Amino acid sequence: MDSYTKHILTQFQEGVLSIEEAEERLKGFTDYGFAKVDDAREFRQGFPEVIFGANKTPEQIAGIFNHLASQNQTVLATRVTDLAAKEVCDLLPEVSYDPAGRTLLYKPDTYVMKNETKKIGVICAGTSDIPVAREAEVTIEAMGHVCQSFYDIGVAGIHRLFAQLEEIKSCQVLIVVAGMEGALPSVVGGLVSVPLIAVPTSVGYGTHLNGITSLLSMLNTCASGVTVVNIDNGFGAGYAASLMLRV
């Protein structure tokens, strides 16, 4: 018997759910027509479904968000507009909105830190890359881990990196966010002995091609131990780093 099924049957046995409610919950998702919310995600993967806000209406985001929050789960939404954030925060005032990273985060009473001794370092090449870094940082917080930020230490002024290198080396996993030519993950990767997740951003001029140049640069790094996620995918980097830390 999987853990989700056991959870539902236990709630039925304790009288929390009626037989009709238990039968409905055993499907593993709730169908709202515009979305089938994956209620069993946390039991399969260790973290609830995350709401990708791009191209969803404020009403759709609020509906999914409220459903997950009512299940007493940690709820994270990414790529959220100010309008959608207001809709959710009016409905659930305890939700935190980060306008830089465009994220919404709800932490229930049952929220606990998974690990307070180990940390994930989030390194940002330039100030313009901070929004992607913030998406990663809020994801790390949602998943119950500690992160430490290192902003504006790109290769154009590499002495800034060396000034914080000992602190960076104290992290167990690193996320390096960079646009332009995307060189920073290669530099950092050659100086540390921990897993490094590189995040190319769409920050740059002309032939930067909205992130493709830095993406290819990171994929072709000669530094060992560097893994690359998609352009501007701070969420993917934060999620993967959190799973690495758990292992």
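The values are calculated or read from the model by the stated rules, or taken from the named source; none is laboratory data. Please read these numbers as outputs of a predicted model, since none were measured by experiment. For neighbour counting, all protein chains shown are included, and Cβ atoms are generated from backbone atoms with ideal geometry for every residue, glycine included. To get the accessible areas, we keep the full protein, side chains included, count just its heavy atoms, and leave off ligands, DNA and RNA. Shrake-Rupley method; radii C 1.70, N 1.55, O 1.52, S 1.80 Å.
Computed extension length for SER96-VAL194: 32.2 nm, one decimal, from 0.36 nm per residue of separation with the Cα-Cα distance subtracted. Within a straight-line Cα-Cα reach of under 29 Å, LYS107 can be paired with the following lysines, leaving aside sequence neighbours fewer than 8 residues apart in one chain: LYS6, LYS27, LYS36, LYS56, LYS86, LYS118, LYS119.
Taking the Cα centre of the chain as origin and assigning +1 to Lys and Arg Cβ atoms and -1 to Asp and Glu Cβ atoms, the resulting dipole is close to 760 debye.
The value of relative contact order for the stretch 40-84, using C-alpha pairs under 8 Å at least six residues apart, is 44 percent. Rounded to the nearest 0.05, the FRET efficiency derived from the C-beta distance between GLU167 and LEU216 at R0 = 25 Å is 0.25. Peptide packing: for 39-51, 65-77, the average count of neighbouring Cβ atoms within 10 Å per residue gives the ranking 65-77, 39-51, highest mean first. Dividing the radius of gyration of the alpha carbons in the stretch 129-247 by their Kirkwood radius gives 0.93 for Rg/Rh. Per-residue extension of 0.36 nm, minus the Cα-Cα distance of MET244 and LEU209, leaves a gain of 9.5 nm for this segment. Once C-alpha pairs closer than 8 Å and six or more residues apart are averaged by separation and normalised to the residue number of the chain, the relative contact order reads 13 percent. Helical content alone sets the calculated 222 nm signal of the chain at -10500 deg cm²/dmol, taking -39,500 (n - 2.57) per DSSP H segment of four or more residues and averaging over every residue. For the pair ASP38 and SER224, label points projected 7 Å from Cα toward Cβ lie 3.4 nm apart. Start at zero, step by 5 Å, and the Cα-Cα distances of the chain spread as 1, 7, 13, 16, 16, 14, 12, 9, 6, 3, 2, 1, 0 percent across the bins. Consider a paramagnetic label point 7 Å from the Cα of ASN66 along Cα→Cβ; state which residues of the stretch 83-127 have an amide N under 12 Å from it. Under cut-off, by backbone N: 87-93.
The alpha carbon radius of gyration of the stretch 2-79, expressed as a multiple of 2.2 N^0.38 Å, is 1.14. Between LEU83 and MET113, the contour length at 0.36 nm per residue exceeds the Cα-Cα span by 7.8 nm. Beta bridges per DSSP, both residues in the chain: antiparallel share near 30 percent.
Measuring nothing but how far apart in sequence close Cα pairs (under 8 Å, 6+ apart) lie, relative to its length, the stretch 33-164 scores a relative contact order of 18 percent. Return the whole-Å distance between the Cα centroid of the stretch 94-137 and the Cα centroid of the stretch 58-93. Each part reduced to its Cα centre gives a spacing of 16 Å. Calculate what fraction, in whole %, of the accessible area of the chain sits on carbon and sulfur atoms when a 1.4 Å probe is rolled over the protein chains. Result for the chain: 53 percent of the exposed heavy-atom area is carbon or sulfur.
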